[in-house]
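Throughout, read-outs are computed from the coordinates displayed, never taken from laboratory work. Quick caveat, the model's predicted, so the values are computed rather than measured. Positions of Cβ are generated from backbone atoms using ideal geometry, with glycine treated the same way; all protein chains shown enter the neighbour counts.
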Amino acid sequence: MIRILADRVANQIAAGEVVERPASVVKELLENSVDAGAQKIEVEFRNGGKSYIRVEDDGIGMSPDQALLSLERHATSKIREAGDLNRVKTFGFRGEALPSIASVSRFTLRTRSKVEKEGCEILLNGGKMIHVKECGMPPGTRIEVAHLFNSVPGRRKFLKTEVTESTHLMHLAKLYALAHPQIHFTLMEGGRTIFKSPACEDLTERVREIFGKGFSESLGPIENSEESYSLSGLVGLPGQSRPTRKEMIFFVNHRPVDCKTLTYATIEAFHTFIPKGRFPPAILFLEIDPASVDVNVHPSKKEIRFREEAKVRNFLLRSLLDRNQSLSGNMALMPKDLNLVVDSTSQKIVPQIDPAALNYYGIKDNDSGLQNPQVITPIKGESGRARGPVPVYPDEQNKNGEPGELIPEKVVGVKGDGLATWRLIDRPSGDLGLFSTPDGLVALHARAAYERIRFEELEDCLRGNQKRSSQALLLTENLELDSTDSQKLKEEMKNFNKLGFEIEEFGRNFFRVTSCPHWLSSGRSVTFIKDYLELACEQGNGMKTLEIVREAMIRDSLIKAGQGGEFSDQEMILLAKDLLACRNPFTCPKGSPTYFEIPHREFESRFRRKL
């Protein structure tokens, strides 16, 4: 038998579409506050929003009759007819949020309009009206949501941990704070202020308030307009990239959205400007005619659909490419990497003089004071840091200068070294090294080998099998984090110390890095820590510390081909030697092979005769 559902049941069903988690409640209430013209908004929550949420603003408020009407389904002041959907400029317009939230919680609404002398308080529990009475309060609206999903315990079981729900809620509050710099925002958790940002003149100030000075300085402005489209915001400066898409934030008509069109267009625009596997930081605002975008696709309005998707994509792509190319300049005029040599007189490392320049001025090599110089080719990472020279110790004598008693057998050596099992033949291209062995020919990928060696060093440090090896920084690196990452850093401080970091707390959400591991440059230390914290927060408690370190290290090691510098013969030999001493020398940390061997029988099969 078909029956019409009671209003209470219908509201609870609607709540399943609108209210997915505590962050969804905050989203709906924040949108109402912004639509009400609020200049100051305060958000407070407890236990990830499960037990308590409060959103208070100083907007226009409501009269008692309007407050009661707002709790009815499909009661809205934003639209009157279907055609208004094509012209809607407000965030809320359906009139479903408040009754849906009230049906699954203990809901308290206090409001007062500027023309009223007293406020109105309405209390509902699980959709049932408890009381309506007068109350004293300043103009504006205050909504409290307690015991979310208390009337539908089945839904409550599907909520995640408090940490996860808190992370979603804080991220959403920050999005709306970014979207409206002119509004004073305060976010509190159990009475503790997470961030408090007064009204800002521009977006850069609000980014500095929320994400910190370091992140703000890594971004540059962008602005472009074409026909009915307008783009503004902040994007990463050249060389800036992040390990995840968390800091790719998009707003369409100041509404935070998840849009694949905008995401992929941004990634494509940075394709040749950042390493593969990394993502550009971007906070972009797209202004478009409301009739050209459908915001009514998703129940929670977090997804949108463009009427002319290709035009929007091309506009964003052109804008970002023009901006990147204007900043990158003419790379052909940039100086190439300098080779370094050891001055035989001072024993210092100095830039190598171009032999063509010496011949031009009639100077011989010996006249320059560089007798038998040893050329050192720098190996560079993302930060442009050179790993420096590899020390070479003679095998013919021991540390006291006396001849060795025995000539030890070598595992890896140069071409023609009969005592070596692996003998380097050549470095034909980039990171490729070819070695001859008694059984055939070995092709080694030097950078993959370097990643494996470094990863096992980290693994030994974390397991306590190896004494940490750190280097003190000449100039300390400052590290400014938000409250979530700051708390995570304190929890992981012991593991950072094992890796070789020395980090000091230097104020609220502010730290100083005084030492870093020997394998990491000072310029990359802060980036590595931030990458680690982002991955740790993203993965929650599901990943072990070593797995997070491996992921952060893999992303730190991803260097585009042709930009990492070349390995010298001696470095290639030392890498092969250290690789063969690893526990798993066959693959890099991300699972790709470090080397493969072509046996003699393969050549015999191809030649169809014995070698």
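Here are a few things to note about the model shown:
- Computing FRET efficiency as 1/(1 + (r/R0)^6) for V115 and K494, where r is the C-beta to C-beta distance and R0 is 45 Å, gives about 0.15.
- FRET efficiency for the pair M137 and L474, taken as 1/(1 + (r/R0)^6) with r the Cβ-Cβ distance and R0 = 41 Å, rounds to 0.10.
- Stretchable slack from S228 to M1, in nm (0.36 nm times residue separation minus alpha-carbon distance): 76.5 nm
- Distance between the modelled labels on H271 and A443, one decimal in nanometres: 2.6 nm (7 Å Cα→Cβ projection).
- Ranking of I573, I453, I2, I130 by count of other Cβ atoms within 10 Å, fewest first: I2, I130, I453, I573
- Fewest-first sequence of R313, R242 by Cβ atoms within 10 Å of each Cβ: R313, R242
- If R0 equals 56 Å, the separation of the Cβ atoms of T164 and E597 corresponds to a calculated FRET efficiency of about 0.75.
- Computed over the stretch 218-327, Kirkwood Rh from alpha-carbon pairs, angstrom: 14.1
- Per-q log10 I(q)/I(0), the stretch 127-274, q = 0.12 Å⁻¹ (Debye; single scatterer per alpha-carbon; no solvent): -0.72
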